[in-house]
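Student: Here it is, the structure, as structure tokens.
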Amino acid sequence: VSRMTVSEVQGYGRQRGYIDESVIGPSIRFVRKVKLEIAVNDEFVEPTIQTILKYARSEGEGRIGDGKIFVLPLEDVVRVRTGERGREAI
């Protein structure tokens, strides 16, 4: 993978956030996470998944909170600067 977007995000899933009672009424405190967005051509999908699994999974069998990988079809890509589309724009 030679290009990707990395974002610091907040959320909660199965590991849950936690309730902070120190403010007026309960409020959910989100867990800090990292979100990767990677667009690859078809032949790189499986190797990319395997690499993420290798480095993102906690030791042993992993733990709740290790994350999820969503694999979505990419209908088109457009490079804004040049107007290139498709494979060349990735």
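Student: Go through region 31-49 and give me each residue that's surrounded by 13 or more Cβ atoms within 10 Å (Cβ to Cβ) and closer than 19 Å to residue 65 by Cβ.
Tutor: 31, 33, 36, 49
Student: Yes or no: residue 70 surrounded by 10 or more Cβ atoms within 10 Å (Cβ to Cβ) and either at pLDDT 90 or above or closer than 20 Å to residue 8 by Cβ (or both)?
Tutor: It is false that residue 70 is surrounded by 10 or more Cβ atoms within 10 Å (Cβ to Cβ) and either at pLDDT 90 or above or closer than 20 Å to residue 8 by Cβ (or both).
Student: Tally up the residues in region 50-65 that are loosely packed, with under 12 Cβ neighbours inside 10 Å and under 18 Å from residue 38 (Cα atoms), please. Full working, then the answer.
Tutor: Going residue by residue through region 50-65, those that are loosely packed, with under 12 Cβ neighbours inside 10 Å are 50, 54-55, 58-61, 63-64.
If we keep only those that are under 18 Å from residue 38 (Cα atoms) too, we end up with 50, 54-55.
So the count comes out to 3.
The values are calculated or read from the model by the stated rules, or taken from the named source; none is laboratory data. As the structure is a prediction and not an experimental result, all values here were calculated from the model. Virtual Cβ from ideal backbone geometry, glycine too; neighbours counted across all protein chains shown.
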